[in-house]
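Below is one structure, written out as structure tokens; the observations come after it.
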Amino acid sequence: MLISVVLPCYNEEKVLAMTFHELSAELSGVTGDYEMIFVDDGSRDGTRDLLKEFAQKDGHVRYIAFSRNFGKESAMLAGLQYSSGDYTVIMDSDLQHPPQLIGQMLAYARQGYDQVIAQRDRTGDKKLGSFFARSYYRLVDRLTDVELTDGIGDFRMLSRKALNALLTMHEYNRFSKGLFSWIGFKEKIIHYKNRSRAAGESKWNFRSLVRYGVDGVLSFNNKPLRFCFFIGAFAILLSLVYLIFLFVGIIFKGIDMPGYFTTIFTICFFGGVQLISIGIIGEYVGRIYYEVKRRPHYLLDETNFSQDSRAK
């Protein structure tokens, strides 16, 4: 029974050696038949050199190196496409996802679960960050057509059936958390305590988190477009009420010079409604623009996979 572990990497030189040794020890105790697929997402440090060194020392190591940084979603997709395992694990390469859970995941997978999902608590997280994260998940659950749960990310084990289903979706703008939820199948959730990075620094900043959050909201629903319709209808209704109010005033008080406040309020209100609506529509049009180009999700620069695997 082959187990594949997919590990996206971006400037992880400081932690990779620890990840490699800890993961190797865990996989050797779980099964003798495994592969570790490291995906170098255009790192600018010594990540690729380390991966080559690991591959020379250990025949279980496979690596894929991109021509530039394409993002974590593309790195995960590449690893999944090259995975040959009966079961495939997706995990971060910074040891925030404990390798010691793989044995427990495999035990549940053998019981017939197609997705064994690791859910972390928020021990050690900043209170403000935890508040925004919980608020985001509540918002997404109301807006999208898939269910997302706080603390559940990419760390999971997929059966071959679940993996094949995931790879049938070829959209360019990928939001894997939503895709995992969308394919369904039999799921089992296991819990673990939050872990800090073993070394190095997080590659996520506020801007990238906001962009990732917007992708999550827009990738699985058209409710923001409906929101534009309803807010437009509300604006029209409000305008009619205001016109009736003015008409009644003209009947009883005669014609009066319109006030400055009313004019500015009307211009700002309707201008804001129009700009918000155009912005939301633009986000969807932009995604259509990238989809119809049909560009590849990533470009390979180097790999130690065989030619047959690359052709697959």
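Quick note: the coordinates plus some simple rules give every number you see, no bench work behind them. Just so you know, these numbers come straight off a predicted model, no measurement behind them. Positions of Cβ are generated from backbone atoms using ideal geometry, with glycine treated the same way; all protein chains shown enter the neighbour counts.
Things to note:
- Listed cross-link partners 72/193; 72/177; 14/52 are compared with a 19 Å cut-off, the Cα-Cα value being larger for 72/193.
- Virtual spin-label span in nm between residue 235 and residue 33, 7 Å along Cα→Cβ: 6.2
- Across region 37-42, coupling constants 3J(HN,Hα) worked out from phi with the 6.51/-1.76/1.60 Karplus curve, θ = phi - 60°, read 9, 8, 10, 7, 8, x Hz, and Gly and Pro carry x.
- Residue ranges 64-77, 284-297 sort as 64-77, 284-297 when ordered by packing (mean number of other C-beta atoms within 10 Å per residue, highest first).
- Counting beta carbons within 10 Å around each of 303, 19, 168 and listing the fewest first gives the order 168, 303, 19.
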